[in-house]
There are 2 protein chains.
Amino acid sequence: MTDVITVSIDGMGGDNAPDMIIGGIELACKQESSVRYLLFGDEKILQPLLDVNPLAKKACEIRHTKDVVTMDDKPTTALRSGKNSSMRLAINAVKNGEALAVVSAGNTGALMAMATIVLKTLQGINRPAIVTSFPTQKDDCVMLDLGANIECDAENLVQFAVMGEVFARYELDIEQPSIGILNVGVEGLKGNDSVKKAASILQNSNLPVKFFGFVEGDDIGKGTVDVIVTDGFTGNIALKTAEGTAQLITFFLKKFLMGSLISKIGAIIARSALDKFRAHFDPRRYNGAMLVGLNGICVKSHGGTDALGFSHAIQAGVKLVKKDFNEVIKQDLDNLIVKNIEEPLDYNQVSANP
Amino acid sequence: MTDVITVSIDGMGGDNAPDMIIGGIELACKQESSVRYLLFGDEKILQPLLDVNPLAKKACEIRHTKDVVTMDDKPTTALRSGKNSSMRLAINAVKNGEALAVVSAGNTGALMAMATIVLKTLQGINRPAIVTSFPTQKDDCVMLDLGANIECDAENLVQFAVMGEVFARYELDIEQPSIGILNVGVEGLKGNDSVKKAASILQNSNLPVKFFGFVEGDDIGKGTVDVIVTDGFTGNIALKTAEGTAQLITFFLKKFLMGSLISKIGAIIARSALDKFRAHFDPRRYNGAMLVGLNGICVKSHGGTDALGFSHAIQAGVKLVKKDFNEVIKQDLDNLIVKNIEEPLDYNQVSANP
């Protein structure tokens, strides 16, 4: 594919913005030369950074704006007073057709609110969700929602399941991904009403998806299923608990290996394997979560990432564009939800304890 | 302390019961000779196992019953038809004063329901919670609830905070433990109503506790606070996600180290450090969670543990008995809750967004 892809970038969003953003674009240009960037933000700050990043300079067009959404802004504040912010204008560029994807490392709540207002949700979807892939003992899996929706009803969870199914099919190239709902036990009687109802719908509906049933927290790392469905509160805490545990374990691995001369020597001899191990769990490799369920590709980068991490978020967006993800998900959602579940869903017809 | 402590044991609960139970008692006897056990279960099965475990045989008195609660029984079924089960009789022994603690590796929901019915909750506590300690990058922390209560209101969370505070003070020997509520962000506007209200109560009440505020999933491993408070749904998923991530990481560490001859040699040289690393994260070391908030010490062992893990659960119970935990928590709860929060709590007087 040699067509030029245009990606819009929120140049001011993120803890270390805009340095890591320009650095990330520079790295992304090295990987992928056919992408052009609309870079939204303060040109007085952005231009000097582009001047020292030659590939980024060539690929970027600055769209000047002084307004920014801060990391602490409430979503409502951002919606009201951020109409000319770098985040909002970058999203608008996708809506207007100037760009095929938007990438931001800014305030998640604000990005979610703005993207939903500007791009609108897809037919059959009430709320977008944050989705990304994770390493497991088998192949990668995808999990959603990772923090967009604090409270979810059964209908939301069923929609997440369907979107996750499509995402795993195209993003991970799995022919028929298996779907599990995250719960505190695998028996049908466990959990809250939302997960029980959602499981019942997925079991009893005509949806042509491979529903595994309930999974527990340790099934994420085991790779028991390809798609893990949960509400945004639990999903965000599971994601960050996994990140924190990975940091904890590598912290102690290093501490014990550095604890004696003999183990230091062993570590030096095994360095190449330890480097591969570290690289495999580098969270930057997995940076770039999609806000799935919108009319447009919107990628959220971790706010605290660096240039390498941001370049991965850009590449995640570009990959979704190349796979024409938003067109395929529209068709698939139509086939999956609209044709198989009559609106409105009558959840009272479905037993919570099948 | 040389007084004999009597512990009652559910001899039939757990995936690998009763083999791992008798094995666990044998190991515990090696650590601690001043404990006597009331062992509830089928004597035809238990006696032959005791015959090959001499220390356990000497320390145990079998209390015969044929009834068992299975791992799949609903709590309501267990309550109704499990009145002569090994689990129920073991709990009764604490109620009757025959034992100072009960340890079971059986069905969590059934144990929770039976222990609550038999032992009753402490004054000022509506629901017991499952609490245990975790390794962090600093000292251990404690987290609750780990699965006893699927849905929790603000009042439950405040009570968990106070119980966690007392538990950390006595169990981890921390003079004034800091308390955090698990949430999807640290800002006051994040999260669901329960966590926002609970935070507001802890901030605005007269409770003499050190309330840190909200913490995120990665703060568990970082050791940001000493006590992490959450509902049982989120807590159970966070606990198991951490366990699954630890398994995932050690799986890949082994895989990469075994990937080449040179790294195998490095691993052999560093073996002592790698063994210490593995031992540090051995989940059996942390086995034995307390059902806190009841009139009696009740310890839940992981259902799938082995003899070593079960011996740790016994030791956790014995430690709580030696610290006279149930007396101190009664006094502390009285000082903390009864004297500082007038009943009933008027949550409407407390702003959700302080």
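Loop-located GluC sites (Glu not before Pro) across the range B:132-227 with a Cβ neighbour count of 10 or fewer within 10 Å are B:Glu175, with loop assigned by DSSP.
Take every DSSP beta bridge whose two residues both sit in chain B; close to 25 percent of them are antiparallel. Taking amide H as placed 1.01 Å from N in the peptide plane, the amide H of A:Lys210 sits under 5 Å from that of A:Ile179, each at least 5 places away or on another chain. Solvent-accessible surface of the range A:105-201, averaged per residue with a 1.4 angstrom probe and all protein chains in place: 30 square angstrom. Site pair A:Phe251 and B:Asp193 shows an inter-label distance of 3.6 nm when each label is modelled 7 Å from Cα along Cα→Cβ.
Across the range A:175-248, the fraction of Cα-Cα pairs farther apart than 21 Å, rounded to a whole number, is 26%.
Here's how it looks for B:Ser8: its modeled amide H is under 5 Å from those of B:Leu38, B:Leu100, B:Ala101, B:Val102, B:Val103, which are all 5 or more places away or on a different chain. What percent does the relative contact order of chain B come to when contacts are Cα pairs within less than 8 Å and at least six residues apart? Reported as a whole number, the value is 23 percent. The phi-based Karplus calculation (6.51 cos²θ - 1.76 cosθ + 1.60; θ = phi - 60°) puts the 3J(HN,Hα) values of the range A:71-82 at 5, 9, 4, 5, x, 5, 5, 4, 5, 6, 10, x Hz, whole numbers, x for Gly and Pro.
Rounded to the nearest 0.05, the FRET efficiency derived from the C-beta distance between B:Asp153 and A:Lys210 at R0 = 25 Å is 0.10. A simple charge model with +1 on the Cβ of Lys and Arg, -1 on the Cβ of Asp and Glu and nothing else charged puts the dipole of the range A:223-300 at about 440 debye relative to its Cα centre. Here the range A:225-243 and the range B:221-276 have alpha carbon centers that stand 18 Å from each other.
Residue by residue, the range B:52-65 carries 3J(HN,Hα) couplings of 9, 10, x, 5, 5, 4, 5, 8, 9, 10, 6, 10, 5, 8 Hz when phi is fed to the Karplus relation 6.51 cos²θ - 1.76 cosθ + 1.60 (θ = phi - 60°); x denotes Gly or Pro. Roughly speaking, to the nearest percent, how much of the protein assembly as shown's 1.4 Å accessible area is carbon and sulfur? Percent of accessible area from carbon and sulfur atoms in the protein assembly as shown: 50.
Per-residue ellipticity at 222 nm computed for chain B from its helices equals -14000 deg cm²/dmol, with DSSP H segments shorter than 4 residues left out and the rest contributing -39,500 (n - 2.57).
Pairs from the list B:Lys300/B:Lys322; A:Lys83/B:Lys190; A:Lys197/B:Lys74; B:Lys120/B:Lys222; B:Lys30/B:Lys323; B:Lys222/B:Lys322 with a Cα-Cα gap above 28 Å: B:Lys120/B:Lys222; B:Lys222/B:Lys322.
With the charge dipole of chain A set up from +1 on Lys and Arg Cβ and -1 on Asp and Glu Cβ about the Cα centre, the Cα lying farthest toward the positive end among the listed residues A:His280, A:Ile91, A:Ser194 is that of A:His280.
Distances between placed amide hydrogens fall under 5 Å for B:Ser85 paired with no residue 5 or more residues away or on another chain. Hey, can you list the residues from the range B:214-239 whose accessible area shrinks by 50 Å² or more with all protein chains present, relative to the chain by itself (probe 1.4 Å, no ligands or nucleic acids)? So the qualifying set is B:Asp218, B:Phe233, B:Thr234, B:Ile237.
What is the ratio of the Cα radius of gyration of the protein assembly as shown to 2.2 N^0.38 Å, where N is its residue count, to two decimals?
Numbers: Rg = 27.1 Å, N = 708, 2.2 N^0.38 = 26.6 Å.
Against the compact-globule rule of thumb, the ratio is 1.02.
Might you report the magnitude of the Cβ-based charge dipole of the range A:139-269 about its Cα centre, with Lys and Arg at +1 and Asp and Glu at -1, to the nearest 20 debye? With only Lys, Arg, Asp and Glu charged at Cβ, the dipole is about 660 debye.
Here the calculated FRET efficiency for B:Asp139 and B:Lys276, from their Cβ-Cβ distance with R0 = 22 Å, stands at 0.80, rounded to the nearest 0.05. Using a 1.4 angstrom probe on protein heavy atoms only, the contact between A and B buries about 4900 square angstrom of accessible area, both sides summed. Cα centroid separation, the range A:3-75 to the range B:295-338: 55 Å. Just checking the listed ones, B:Asn92, B:Asn287, B:Asn16: in the Gaussian network model of chain B with Cα springs under 10 Å, the one fluctuating most is B:Asn16. Calculated on the alpha-carbon coordinates, the convex hull of the range A:60-135 measures out at 130 cubic angstrom per residue.
Candidate cross-link partners of A:Lys57 among the aspartates and glutamates, defined by an alpha-carbon separation under 17 Å and a same-chain spacing of 8 or more, comprise A:Asp10, A:Asp19, A:Glu26, A:Glu32, A:Asp42, A:Glu43. Mind giving me the FRET efficiency for B:Ile45 and B:Thr77? R0 is 35 Å, r the Cβ-Cβ distance, nearest 0.05 is fine. Computed FRET efficiency for B:Ile45 and B:Thr77: 0.95. Given axes a ≥ b ≥ c from the Cα gyration tensor, I'd like to know whether chain B is rounded (a/c under 1.5), prolate (a/b larger than b/c) or oblate. It comes out oblate by the Cα gyration axes. Think of each Lys and Arg Cβ as +1 and each Asp and Glu Cβ as -1; about the Cα centre, that makes the dipole of the protein assembly as shown roughly 1460 debye.
Computed 3J(HN,Hα) for the range B:235-249, one whole-Hz value per residue from the Karplus formula 6.51 cos²θ - 1.76 cosθ + 1.60 where θ = phi - 60°, is x, 5, 5, 5, 4, 6, 5, 4, 4, x, 5, 4, 5, 4, 5, glycine and proline marked x.
The values are calculated or read from the model by the stated rules, or taken from the named source; none is laboratory data. Every value quoted in this text rests on a predicted model; they were computed, and no experiment measured them. All Cβ positions, glycine included, derive from the backbone under ideal geometry; neighbour counts span all protein chains shown. With ligands, DNA and RNA removed, areas are computed over all heavy atoms of the protein, side chains included. Shrake-Rupley method; radii C 1.70, N 1.55, O 1.52, S 1.80 Å.
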